[in-house]
Every structure is written in structure tokens, then in C-alpha cells.
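Take a look at the structure set out below.
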Amino acid sequence: MGVVNVTPDSFSDGGRLRTPQAAIDHALNLREQGADILDIGGESTRPGASPVEPDAEWRRIAPVLEALVAADVPVSVDTRKPSVMQAAIAAGAAMINDVEALRAPGAVEIVARGGVAVCLMHMQGQPRTMQEQPAYGDVVTEVTAFLSGRVDACEQAGIGRDRIAVDPGFGFGKTLEHNLALLRHLDSLLQLRVAILVGLSRKSMLGSLTGRPIDQREYAGVAANLLALARGASIVRVHDVAAMRDALSVWNAVEGEH
Ligand code: HH2
């Protein structure tokens, strides 16, 4: 999954894609590099980010989504707002990626009716304050229990498990130790019997481990994503698609079906 942020303030690439055409070109380039699906986001959820009005978010996403759908590219839309989900599904999105795991009123029903896939992510708190004091008893147990509850809510609304992915939400209300525990024990999410998606690309945990700034975390990201694949992840959300594709070529040759 390649990341296309059409935001002025995303943590690693905010403001880079200033026009819809720049975003479309970037997305098509990621597709060329081997992304199976592109995740378009119109609201930054980095620590400290402020919320965006639904109309403004949709105006950022719409032209990019429409062009990619016209080019037959599978698109996921990264949003927590039901009205944006609804508009995205009507415009041809294949997946909704929600950092709030469809907790907003009406969100589960919109995705159920729309027949699209969904990624349910765990987040403790809200982006503006989530990194101030993240606290858990046992982070792996709590995140797994939360995601299990959200999978059940989706299934009850008619979203089949084959349409659902879960994501522990690296960096969303988590310290370095919490993130490492979740990565180390990612396979505990396999008991939910849905796909596992991870978003580790360029995150601050990689900066803490390597001492490198955001634009130099590509190698660390590939390593982290391979560790996630080894523990059962099947979708990796990345900014640097070409690097991940090469790593996957090696991975698949050794671990894939023979
Ligand atoms: N991380 C970000 C945004 N969306 N979605 C999922 N499912 N998992 C993630 O880990 C995840 C996500 C944050 O990264 P990015 O999109 O690069 O930055 P920003 O939120 O600042 O736009």
C-alpha cells in the first residue's frame, strides 16, 4: 500500500503534493514502483495535528481519487469521517482506512452498505494529545481486545471478515516500548482471523532506534516491515514503495509458495 498524502501538514511528506496533478503523478509513480493499492489521506493524524473540516478534507481527496479510479488503480481513502467515507465510496474507493476503526456514528453502516474493504486501526486518545502520556496495562492484550471488538461490530453489521484488515496503529498513543511490544507480538492479532496491516514507514520509533531524521528512515522501515511480515502482516503501508518491493521480491522467493 503506497501512501499519498494530500495534506499541507503530514509528518513526513506534508505540503509536498501541492496540486491535485502533483498528487496524481506521485500516485501513478508509486503504482509503477509496484504498489497494489494507494492510500489517499486528506487529514494529517500525526501527533499534535489539528482536525480538518469534512468539506475541506473531501476537496483535497476528490480530484486525486477520481483520476486514480479512472486509471483503474485500486484506492483506499484514509479518513475517520462518515461523510468523507460515503463520498469516497460513491466515487469508487475500494477501501476505507480509518484510524478510529469506524467508531464515528454511522461509519460502520456506511462501509457495510458500500460493500468496500476496511482497515480498522487502534489509536489511544486523539492525534492532538495522544503522545503526551500513553498508558496501558498490557498493550498487546488491550490492542488485540479493542480490535477484536471492532471486528465483531463490523461483522454484526454485515461486513465479512474477508473485507476487514486490522492495524495496531504504531505511534498512535504509544511509546517506543509499546510499539516494540506490538511489533514483537504482532502474531497475536492472527487470532482475529482477518488480514493484518501495518504502518511503520518513517515513524518516530524508527528515528528513536536509528537516530535518523524522517527522510533517512527507509532502510529501518524495510527491516521493520519484514519483521511484521514474518509475524503475519499481509499489507504494509509505505511511502517508499520501490524499496519495499525489492525487499518483497527477496521475501517471496524464500517464504512464498514453491
Ligand atoms: N499512519 C498514518 C496515517 N494513517 N493508517 C493506518 N492504517 N496505519 C497507520 O499506521 C497510519 C495510517 C500516519 O502516517 P502518514 O500518513 O505518513 O502521516 P500523517 O498522518 O501526518 O498524514
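The values are calculated or read from the model by the stated rules, or taken from the named source; none is laboratory data. Note that this is a predicted model, so its numbers are computed, not measured. Note that each Cβ is placed from the backbone with ideal geometry, even for glycine, and that neighbours are counted across all protein chains shown.
Taking region 72-100, which residues are of a type outside the set (Val, Ile, Thr), part of a loop (DSSP other than H, G, I, E, B) and under 16 Å from residue 43 (Cβ atoms)? It would help to see each step written out before you state the result.
Initial filter on region 72-100 (of a type outside the set (Val, Ile, Thr)): 72, 74, 76, 78, 80-83, 85-88, 90-95, 97-98, 100.
Now narrow it down to the ones that are part of a loop (DSSP other than H, G, I, E, B): 72, 74, 80-81, 91-94, 100.
Hits for region 72-100 are 80, 81, 93, 100.
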>> Please pick out the residue among 113, 16, 80 that is modelled with pLDDT under 95 and not hydrophobic (A, V, I, L, M, F, W, C).
In response: 16
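Would you please name the residue that is farthest from the ligand (Cβ to nearest atom), looking only at residues in region 1-30 that are in contact (Cβ under 8 Å) with a residue 60 or more places away in the chain and within 22 Å of residue 196 (Cα to Cα)?
Top of the filtered list is 30.
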> Which one of the conditions (1) outside any helix (DSSP H, G or I); (2) modelled with pLDDT of 95 or more does residue 142 fail to meet, given that it meets all the rest?
Replying inline: (1)
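Which of the following residues is away from the ligand (no atom under 11 Å from the Cβ), among the small types (Gly, Ala, Ser), modelled with pLDDT of 95 or more and surrounded by fewer than 24 Cβ atoms within 10 Å (Cβ to Cβ): 70, 88? Even if it seems obvious, please write down each step before you answer.
On the way: 88 fails: surrounded by fewer than 24 Cβ atoms within 10 Å (Cβ to Cβ).
So the residue among 70, 88 that is away from the ligand (no atom under 11 Å from the Cβ), among the small types (Gly, Ala, Ser), modelled with pLDDT of 95 or more and surrounded by fewer than 24 Cβ atoms within 10 Å (Cβ to Cβ) is 70.
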> What tally of residues in region 225-243 results from selecting those that are within 18 Å of residue 181 (Cβ to Cβ) and buried (at least 22 other Cβ atoms within 10 Å of the Cβ)?
Replying inline: 3
>> So the check is Cβ under 6 Å with 6+ separation or different chains; which pairs have a first residue in region 31-47 that's over 11 Å from residue 77 (Cα atoms) and a second one that's within 12 Å of the ligand (Cβ to nearest atom) and hydrophobic (A, V, I, L, M, F, W, C)?
In response: 45/99; 46/11
